[in-house]
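Enquirer: Could you have a look at this structure, given as structure tokens, before my questions?
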Amino acid sequence: MHDATKQRRYRVKQGHVAIIGAGPGGLAAGMLLAGQGYQVTLYEKQTYVGGRTSRLQLGEYAFDRGPTFLMYPSLLEELFQSVGRSLCDYVDLVELDPLYRLKFGDLEFTPSTDMDRTEAEIERLFPGNGAGYRRFMREEGLKFDRISPLLMRPFGKLRDYARSDVFAALPRLNAVDSVYNRLSRYFDDERLKYSFTFQAKYLGMSPWECPGTFTILSYLEHRYGLYHPIGGVNQVCEAMRRVMEEYGGKVELGRGVAQVIVKNGVAAGLLLEDGERIEADHIVVNADFATAVHKLFDPSDLKKHKPVRVAKKKYSCSTYMLYLGLDQKIRMPHHNVLFASDYRANVRDIMNSRVLSKDASIYIHNPGLHDPTLAPAGKTALYALMPVPNLTADIDWAEQSAIVREAMLTRMELEPELRGIRGRIETEAIITPRQWRDEHDVYLGATFNLAHTLDQMMLLRPHNRFEDVGNCWLVGGGTHPGSGLPTIFSSARISAELLMEQDRSSRRSFLRATRNS
């Protein structure tokens, strides 16, 4: 139960906000705005919340559809506290130790947030690299302290660069370097470099091309740890939905949006797919950015972000997803990365040649190690992901899907814990890049959204305050600060604060005009 006085403290009568899409960004924005007194209605095409961060239910087995890593939960806790709530009242978090198991052939590396233990493990497996690990943690910590303020505020105008936090961060941004080159300064063993650079895949990018700024991703994991919410990462989305509804917000599922209604350059409401027209003071767009530009706006209402221009932007890779309900208990670590024998060639196939690798890296999620709620007793809900090219590649997924499935199972069955799993499958589901596009409205099946190249970051990324249409706001991986759950949550906070500040400014202007009339 929550104190009624505390609830009143956070509620002041505001206008109506209509949100398109119940992904983590839309739900976070809805929670923040409902908690501050706005009338919030969220419209979601699917019959469930979470978008790519939703729950997939296959009979008695439950899976996270997309993200399985929850890092830096203190940021999420700040969002809940800003509306008088606590994340821990809604979600049971389990800290993972070790972070994950990384496999290079027969070599296994299992790092931890315990620096002494990780350093000892590095020295055992990669002699002479322990000091580099200590230097990585020290230098990247300083870098994160400088960069994190830039991820918490908007970049909508050139003058946003002319602030002290930007000048403080500049010497440590490493934006013209690559993630791989940065890690080569700390380590001399290629396998160890890959262990601290594979996180570039969270952005759907190659570590050889991803800006060196993003070494902070591996630092965040090693410094602040990884967590598993009981029930899956999707439960964070369910928690935000609950808070939003506690403050009077509404989530309307199975109600897709056909178009954003624009009058005189300002968003005025929504036209739903069932023909209903909704009036609103503000529109928050949590749909995939490129999909929204192509489908939700009349092209005549767009100037900077016309579909033909957006189509020319750079996009992340895609993923092939395999969800398996197994009739046996699998005893392997929570997170597992099986690296290709030639990881660099594998990444080049995905990002540059845009072909399917014969020797591919695979990620395996075995949350049943810590969470008995996802499968019946003695059984396992196993999730496997293979990064693949997006739909700009000439790949016939109707033909290749079964081939990729067989290749993944063959590789997985080389693991001692997974031998013979083909014969233990009770139920399964697959999502290909084509399905990401056709069933989940992900442009080009690029599951990590717009690429994080220098020309698509900060001021050069679509702005939180949508530039083409007034009273329209963007949240999610397609706007600043970018992809990944922590930055998506940050985008929601930035956009909500911009929206509320605009309304406060408008009220001040109205009061001044009233006094002077």
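The values are calculated or read from the model by the stated rules, or taken from the named source; none is laboratory data. This structure is a prediction, so every number in the text was calculated from the model and none was measured. Virtual Cβ from ideal backbone geometry, glycine too; neighbours counted across all protein chains shown. For the accessible areas, the whole protein counts, side chains as well, though only heavy atoms, and no ligand, DNA or RNA atoms are used. Shrake-Rupley method; radii C 1.70, N 1.55, O 1.52, S 1.80 Å.
Enquirer: Rounded, prolate or oblate: which fits the range 80-126, taking a ≥ b ≥ c as square roots of the Cα gyration tensor eigenvalues, rounded meaning a/c under 1.5, else prolate when a/b beats b/c?
Expert: Because a/c hits 1.5 or more and a/b exceeds b/c, the range 80-126 counts as prolate.
Enquirer: A further question on this structure: What relative contact order, as a whole-number percentage, does the range 83-159 give when Cα pairs under 8 Å and 6 or more residues apart are counted? Kindly include the intermediate steps, with their values, before the conclusion.
Expert: Values: 39 pairs, mean separation 10.6, N = 77.
Computed over the range 83-159, the figure is 14 percent.
Enquirer: If you average the sequence gap of Cα pairs under 8 Å that are 6 or more apart and divide by the length of the chain, what percent do you get for the contact order?
Expert: Relative contact order here is 21 percent.
Enquirer: If you fit an axis through the alpha-carbon atoms of helix 24-35 and take the longest principal axis of the Cα set of the chain, what angle between them do you get, 0 to 90°, nearest 10?
Expert: The two axes meet at around 40 degrees.
Enquirer: Run the accessible area of the chain with a 1.4 Å probe and give the carbon-and-sulfur part as a rounded percent.
Expert: Carbon-and-sulfur percentage of accessible area, whole number: 50.
Enquirer: Another question about this same structure. Please find the FRET efficiency linking M115 to N181, where r is the Cβ-Cβ separation and R0 is fixed at 35 Å, and quote it to the nearest 0.05.
Expert: Details: r = 24 Å, r/R0 = 0.68.
That pair, M115 with N181, gives E of 0.90.
Enquirer: So if R0 is 51 Å, what FRET efficiency would T410 and T514 give, r being the distance between their Cβ atoms, rounded to the nearest 0.05? Show your work: numbers first, answer last.
Expert: Numbers: r = 73 Å, r/R0 = 1.44.
Between T410 and T514 the formula returns 0.10.
Enquirer: Something else now. Using a ≥ b ≥ c from the Cα gyration tensor of the range 167-287 (square roots of the eigenvalues), is it rounded, prolate or oblate, where a/c under 1.5 gives rounded and otherwise the larger of a/b and b/c decides, a/b for prolate?
Expert: Numbers: a/c = 3.02, a/b = 2.00, b/c = 1.51.
The shape class here is prolate.
Enquirer: Also, quick follow-up: Loop-only check: which trypsin sites (Lys or Arg not before Pro) in the range 227-304 are DSSP coil with at most 15 other Cβ within 10 angstrom?
Expert: K303, K304
Enquirer: Would you pull out the residues with amide H under 5 Å of L70's amide H, same chain only if 5 or more places away, H placed 1.01 Å from N?
Expert: The list, which skips near neighbours in sequence, is Y227.
Enquirer: Per 0.36 nm of contour for each residue apart, how much would the distance between L271 and Q57 grow if the chain were fully extended, relative to their Cα-Cα spacing?
Expert: Taking L271 through Q57 to full extension adds about 74.0 nm, to one decimal.
Enquirer: Return, ordered by residue number, the residues of the range 360-397 whose backbone nitrogen is under 16 Å from a label point located 7 Å along Cα→Cβ of R348.
Expert: 360-361
Enquirer: Excluding same-chain residues fewer than 8 positions from K193, which aspartates and glutamates have a Cα within less than 18 Å of its Cα?
Expert: D106, E108, E119, E121, E123, E139, E140, D177, E209, E221, D342
Enquirer: While we're here: How high is the relative contact order of the range 417-514, given as a whole-number percent (alpha carbon pairs under 8 Å, six or more residues apart)?
Expert: Once divided by the residue count of the range 417-514, the mean separation gives 16 percent.
Enquirer: I would also like to ask the following. Which distance in Å, rounded to a whole number, links the C-alpha centroids of the range 78-144 and the range 371-425?
Expert: That distance is 26 Å.
Enquirer: Mind jotting down the distance between the C-alpha centroids of the range 248-294 and the range 426-501, whole Å?
Expert: So the two Cα centres are separated by 16 Å.
Enquirer: Modelled label-to-label distance, L253 and D165, 7 Å Cα→beta-carbon offset: nm?
Expert: 3.6 nm
Enquirer: Given a Förster radius of 30 Å and the C-beta distance between V355 and E246 as r, what FRET efficiency does 1/(1 + (r/R0)^6) yield to the nearest 0.05? Provide the component values of the computation, followed by the final result.
Expert: Working: r = 49 Å, r/R0 = 1.64.
About 0.05, to the nearest 0.05.
Enquirer: Per residue, how much accessible surface does the chain expose to a 1.4 Å probe? Answer in Å², no decimals.
Expert: Details: 20950 Å² over 517 residues.
Spelled out: the 1.4 Å probe surface of the chain, per residue, equals 41 Å².
Enquirer: Tell me which GluC sites (Glu not before Pro) from the range 47-133 have a DSSP coil assignment and no more than 13 other beta carbons within 10 Å of their own.
Expert: E60
Enquirer: Using 0.36 nm times the number of residues separating A402 and D438, minus their current alpha carbon distance, what extension gain do you get?
Expert: Working it through step by step, the gained length comes to 11.1 nm.
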